[in-house]
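**Student:** Could you have a look at this structure, given as structure tokens, before my questions?
The values are calculated or read from the model by the stated rules, or taken from the named source; none is laboratory data. As the structure is a computational prediction, the values presented were derived from the model and not from experiment. In this analysis, Cβ positions are derived from the backbone assuming ideal geometry, glycine residues included, and neighbour counts consider all displayed protein chains. Calculation scope for accessible area: heavy atoms of the full protein, side chains included, ligands and nucleic acids excluded. Shrake-Rupley method; radii C 1.70, N 1.55, O 1.52, S 1.80 Å.
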Amino acid sequence: MPTLQITRTTAPRLRVADPDLGFGQVFTDHILVLDYTQEAGWQNARIEPYGPFTLDPATLVFHYGQAVFEGFKAFRSDSGGIVLFRPADHIARLNASCGRLCIPPLDEALVLNAVKTLVRLDADWVPRTFGCSLYIRPCIIATEAGLGVRPSKTYRFFTIMSPVGAYYREGFRPVRILVSDRYARAVKGGLGAAKTPANYAASLLAEQDAKAAGFTQVLWLDGVERRYVEEVGTMNIFFRLGDELVTAPLEGTILAGITRDSVIRLAHQWGLRVSERRLSVAEILEAHAGGRLQEVFGSGTAAVISPVAELRFAERSLMINQGRVGAWTQRLFETLTGIQYGKIEDPFGWTLPILP
Ligand SMILES: Cc1ncc(COP(=O)(O)O)c(C=O)c1O
């Protein structure tokens, strides 16, 4: 394994107390960096003090968006220990995104080890308050300078980390969601399954309109027929129809959420009926009319589980479970956060302890 050079900071960064933490506003003391050249491959792994990069204005990433990223978390248990939640799955997904964006893959074991070293070095930044966590953001950008649409010959991988506040400071907050029939996020064969900035750029205008209308997030329909539900903002989405838990299938248009997978595996373990299948707006409206649309929730690293109170389709507005959090939603949230914070046993091996 190549050596990891470590240069410790001599100017520690300003801390923010746990109750004042937001999302992605403050960053820890150190950053992990690797560079890629065609001759040497991924090399020069190093941890340095957090700080800006200098890049030529003609750098390819600025012009053609050749970049991928990830997002996962470190949690601190009551006893002070630190775990990462499913880091190997996130690094594998980073490589899957690389494949779609013509970015050379990384050695996953090397990256995981380097990230562990980074978290240990900045361990004091992992918040101690339940609900808070350390968000870990690996990213790869094309660094070759020169215009012309082509895959870059050089890349930079880096990982920054941000202590983040409790998502549900005042308790579970069911959200209002607007179904977008105007904009499309992804189509089969496109970028939808990759975690790449273009997907988020494509979502901005729709989310801006949704927020202006008083909604929290946008629910995307399939980009071709505009009939089937896909995902929400930065979350996958689940519908409880009677005794069936339904979520969109992985057909290349949505991100294969790690939380989505955790929900599916927990639901299977509990003996629930889970379907990864196409679910049309018509079927949702019919289920609601028949009283079978019992729960709707999003799943993702940031919120873990996000209950949905209202879904707005064009002129139709559906209240879900009278705006209250459903039983499956509550149980999934408590179980997942319980596993993450070491309050309940992890039978799946999802948590990777990195400090006792
Ligand atoms: C578009 C999109 N869908 C779904 C998710 C949920 O994925 P995960 O559960 O791995 O965080 C995310 C967040 O990463 C996302 O950005």
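**Student:** Assign unit charges at the C-beta atoms only (+1 for Lys and Arg, -1 for Asp and Glu), then state the dipole size of segment 205-276 relative to its Cα centre in Debye, rounded to the nearest 20.
**Tutor:** About 200 debye.
**Student:** What number comes out for accessible area per residue over segment 128-238 if the probe is 1.4 Å? Units Å², please.
**Tutor:** Each residue of segment 128-238 exposes 43 Å² on average to a 1.4 Å probe.
**Student:** Rounded to a whole number, what is D in µm²/s for segment 161-269 from Stokes-Einstein with the Kirkwood radius over alpha-carbon pairs (20 °C, 1.002 mPa s)?
**Tutor:** For these conditions, the coefficient is 141 µm²/s.
**Student:** Something else now. Can you work out ³J(HN,Hα) from phi for every residue in segment 262-272, in order, using Karplus 6.51 cos²θ - 1.76 cosθ + 1.60 and θ = phi - 60°, giving whole Hz and x for Gly and Pro?
**Tutor:** With coefficients 6.51, -1.76 and 1.60, one gets 5, 4, 4, 5, 5, 4, 4, 4, 7, x, 7 Hz.
**Student:** Hey, can you grab everything whose amide H is under 5 Å from the amide H of LEU279? Only 5+ residues off in sequence or another chain; H modelled, so Pro and N-termini drop out.
**Tutor:** Excluding prolines and chain starts, which carry no amide H, the hits are VAL229.
**Student:** Treating the angle as unsigned and between 0 and 90°, give the value, to the nearest 10°, between the Cα long axis of helix 327-340 and the longest Cα principal axis of the chain.
**Tutor:** With rounding to tens, the tilt is 20 degrees.
**Student:** If you don't mind, there's one more thing I want to ask. Given the Cα atoms of segment 251-356, and with Rh set as the inverse mean 1/r over their pairs in the Kirkwood sense, what is Rg to Rh to two decimals?
**Tutor:** So for segment 251-356, dividing Rg by the Kirkwood Rh gives 1.01.
**Student:** Moving on. Quick check for me: using +1 on Lys/Arg Cβ and -1 on Asp/Glu Cβ, what's the dipole size of the chain about its Cα centre, in debye to the nearest 20?
**Tutor:** About 180 debye.
**Student:** Rounded to the nearest 10 degrees, what's the angle between the helix 87-100 long axis and the longest principal axis of the chain, both from Cα atoms, 0 to 90?
**Tutor:** 90 degrees
**Student:** If you don't mind, another one. May I ask which residue of VAL115, TRP125, LEU147 lies farthest towards the positive end of the charge dipole of segment 108-206, with charges of +1 (Lys, Arg) and -1 (Asp, Glu) on Cβ and the Cα centre as origin?
**Tutor:** Going by the Cα projections, it comes out as LEU147.
**Student:** Let me ask something else. Using alpha carbon centroids, what distance separates segment 101-178 and segment 23-84, in Å?
**Tutor:** If we compute the Cα centre of each part, the gap is 6 Å.
**Student:** A follow-up question, please. Enter the Cα centre distance for the pair segment 216-239 and segment 334-356, rounded to the nearest angstrom.
**Tutor:** After rounding, the separation between the Cα centres reads 29 Å.
**Student:** Another question about this same structure. For the chain, which whole-number percentage of the solvent-accessible area (1.4 Å probe, protein heavy atoms only) is attributable to carbon and sulfur atoms? Intermediate values should be presented prior to the final figure.
**Tutor:** Values: 8400 of 15820 Å².
About 53 percent, which is the carbon plus sulfur part of the accessible surface.
**Student:** Moving to a separate point now. With a cut-off of 8 Å between alpha carbons and a minimum separation of six or more residues, what is the relative contact order of the chain in percent?
**Tutor:** 18 percent
**Student:** Which lysines, if any, have their Cα less than 30 Å from the Cα of LYS211, not counting same-chain residues under 8 positions apart?
**Tutor:** Filter leaves LYS73, LYS188, LYS195.
**Student:** Rounding to the nearest 20 debye, state how big the charge dipole of segment 1-117 is about its Cα centre with +1 on each Lys and Arg Cβ and -1 on each Asp and Glu Cβ.
**Tutor:** The dipole magnitude comes to about 200 debye.
**Student:** Rg and Dmax of the chain over Cα atoms: what are they, in angstrom?
**Tutor:** 20.8, 64
**Student:** Would you mind checking the tilt of helix 108-121 against the longest principal axis of the Cα atoms of the chain, expressed as 0 to 90 degrees and rounded to 10?
**Tutor:** Between helix and principal axis, roughly 80 degrees.
**Student:** For segment 47-101, count the residues as N, evaluate 2.2 N^0.38 Å, and divide the Cα radius of gyration by that value, please. The partial results should precede the final answer.
**Tutor:** Values: Rg = 16.1 Å, N = 55, 2.2 N^0.38 = 10.1 Å.
In units of the 2.2 N^0.38 Å rule of thumb, it is 1.60.
**Student:** Give the aspartates and glutamates whose C-alpha is closer than 16 Å to that of LYS343, dropping any in the same chain fewer than 8 places away, or say none.
**Tutor:** Within reach: ASP78, GLU334.
**Student:** Toward the positive end of the charge dipole of segment 1-44, about the Cα centre and with charges on Cβ (Lys, Arg +1; Asp, Glu -1), which of PHE23, PRO12, GLN38 goes farthest?
**Tutor:** PRO12
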